[in-house]
Amino acid sequence: MTDDPPRYTARDLAALCDISERTVRYYVAEGLLPPPAARGRGANFDDDHLTRLRLIRAMQRAGNDLEAIGDYLRELEAELAGRPSGFESALAVWTGRTERLEIEQRFRSRWNVPNPRTAIAWRRGSRC
């Protein structure tokens, strides 16, 4: 009995990350996700693909466009040189940032506290 690592289809990845199957294929075509292990019906993704896709989604929620995400992923990949746990660490950082931003936004809206960046820009604009 072997413990084979989990394998995912594009449909599985899409469901796990709440995106469309077409988006998964688009990310592969754009080089944001590496291609699956095989082509056609035998195409399978692994946990590294899932982690990388979750990282892409976290970076998008933080306001990054796909070009910036692609640049970051290429730099990260070169730096990691095949260490898969590095993508998990990067995902943890981005997830933490996203959670902090969400908490900050909820606090600001509940207590009617302006965003300091917006307030500074508004003050600068009002002086002109």
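Just so you know, all these numbers are worked out from the coordinates, no wet-lab data involved. Computed from a predicted model, the values in this text were never measured in an experiment. Virtual Cβ from ideal backbone geometry, glycine too; neighbours counted across all protein chains shown.
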Query raised in the report: What are the ³J(HN,Hα) values, in whole Hz, obtained from phi via the Karplus relation 6.51 cos²θ - 1.76 cosθ + 1.60 with θ = phi - 60°, for each residue of region 67-75 in sequence order, with x given for Gly and Pro?
Result: 5, 5, 5, x, 4, 4, 5, 5, 5
Query raised in the report: P(r) for region 26-85: what percent of alpha-carbon pairs falls in each 10 Å bin, starting at zero?
Result: 21, 54, 23, 2
Query - Label-point separation in nm, E75 to E102, each point 7 Å along Cα→Cβ - result: 2.6 nm
Query - Nitroxide proxy distance, nm - points 7 Å out along Cα→Cβ at E67 and T23 - result: 2.1 nm
Report task. Please list, in chain and number order, the residues 5+ apart from T9 or on another chain whose amide H is under 5 Å from its amide H, with Hs placed from the backbone. Result -> F45
